[in-house]
Amino acid sequence: TSLVLAAALLASPLTAQAPAPSSTNQSANQVIQDAAKMANAGNVAAAIKKLEDLRKAGGITPQPALALLGALYLQTNRPQDALAVLKPLADAETADPAVLYNAGRAARALKQNDLWLSYLSRAAQKAPGSPATRDLGFVFMSQGQVVESYALLRPWALQNPKDGEARIAAASLALQLERPKEAEELLLNLPQGDPAIRLLRGRIQVQKGDGPGALALLEPVLAKHPPAMDLEVRRATAEAYLLANRPADVVKILTGKTGPSPALVLLLGRA
């Protein structure tokens, strides 16, 4: 992704409103194009050398060359070199979103989280719908900022239907916001037998008030699911049992199984 984002910069002119490109600019542009072709063909080391030689030759190195070099440093696990190249570009108010995104990735790899989040936020603001918005959405989700996260992840998930992780995350956020129809839309065409997706579909039916429909989805998951999902599965199934007027089954699945969850203790008490 970083290489594609940086390579997109190559389409922009190397000098703004120049009446006629100089031979120096033409030569630099050719170097950048050649390096991009090498990188896309898998010869990243040669591409890096070509761009490094351009820098060593003296004079002003065009920003697209630095952007591509920084992206290639990232691709070869050299975040310190990447940030050294990209930070001066990213710190400018007019920084390109791709430069900001890649500079942020380099900062994150170096555990400079404040710098990473600053660059990521600016990249997402400048390029809505870009991978930066996806990453920022997951950051907000990890911080419990449900509304902010959903505002970024739902549009991304709808525009990128093959991104199952984002769609599942957005569906979970939709349920937290009590929007079951939107959650249902986000889960379309995903593997319906997956326990995590069945759990979300069961929770959708609970929010719709369909206890039996929810149980048809949740009881098989309750019988067999990953340990990490246990509390969530029991909570959703207990809610479905209550909707279906089966409180004894709630007592059966929650007694001694509430763990540290106040929500499960409350459901057990209601049963």
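Looking at Leu54, Leu66, Leu86, just one residue is within 30 Å of Ser27 (Cα to Cα), free of Cβ contacts under 8 Å to residues at least 24 places away in the same chain and over 24 Å from the mean Cα position of the chain (by Cα), and that residue is Leu66. A search for C-beta distances below 8 Å between a residue of region 101-121 that is in contact (Cβ under 8 Å) with a residue 60 or more places away in the chain and open to solvent by 50 Å² or more (accessible area, probe 1.4 Å) and any residue that is among the acidic types (Asp, Glu) and not in a helix (DSSP H, G or I), counting only pairs 6+ apart in sequence or on different chains, returns nothing. Reported count of residues in region 157-180, each being surrounded by 18 or more Cβ atoms within 10 Å (Cβ to Cβ) and in a loop (DSSP other than H, G, I, E, B), is 1. The selection criterion, being out of contact with any Ser or Thr (no Cβ under 8 Å at 6 or more places or on another chain), in contact (Cβ under 8 Å) with a residue 12 or more places away in the chain and at negative phi, holds for Asp210. Looking across Leu153, Leu215, one residue alone is modelled with pLDDT of 95 or more, open to solvent by less than 20 Å² (accessible area, probe 1.4 Å) and closer than 17 Å to Asp249 by Cβ. It is Leu215.
Among the numbered conditions (1) among the hydrophobic types (A, V, I, L, M, F, W, C); (2) farther than 24 Å from Gln205 by Cβ; (3) at pLDDT 95 or above, the only one that Leu177 does not meet is (2).
How many of the residues in region 227-250 are open to solvent by 60 Å² or more (accessible area, probe 1.4 Å), more than 10 Å from Val206 (Cβ to Cβ) and not acidic (Asp, Glu)? Outline the logic, then answer.
Here is the first cut: in region 227-250, the ones open to solvent by 60 Å² or more (accessible area, probe 1.4 Å) are 227-228, 231-232, 235, 243, 245-246, 248.
Add one more test, that the residue is more than 10 Å from Val206 (Cβ to Cβ), and what stays is 227-228, 231-232, 245-246, 248.
If we keep only those that are not acidic (Asp, Glu) as well, we get 227-228, 231, 245-246, 248.
Qualifying residue count, region 227-250: 6.
Summed over region 35-74, residues that are more than 18 Å from Asp96 (Cβ to Cβ), in a helix (DSSP H, G or I) and open to solvent by 50 Å² or more (accessible area, probe 1.4 Å) total 9. Selection within region 23-34: residues that are at pLDDT below 85 and open to solvent by 50 Å² or more (accessible area, probe 1.4 Å). The member of this set that is farthest from Asp96 (Cα to Cα) is Ser23.
Being part of a helix (DSSP H, G or I) and in contact with a Lys or Arg (Cβ under 8 Å, 6 or more places away or on another chain) is the filter; apply it to region 91-100 and report the residue that is surrounded by the fewest Cβ atoms within 10 Å (Cβ to Cβ). Out of the qualifying residues, it is Pro97.
The values are calculated or read from the model by the stated rules, or taken from the named source; none is laboratory data. For clarity, every value in this text was computed on a predicted model and none was experimentally measured. Every residue, glycine among them, receives a Cβ derived from its backbone with ideal geometry; neighbour counts consider all protein chains shown. Ligands, DNA and RNA are excluded from the accessible area calculation, which covers all protein heavy atoms including side chains. Shrake-Rupley method; radii C 1.70, N 1.55, O 1.52, S 1.80 Å.
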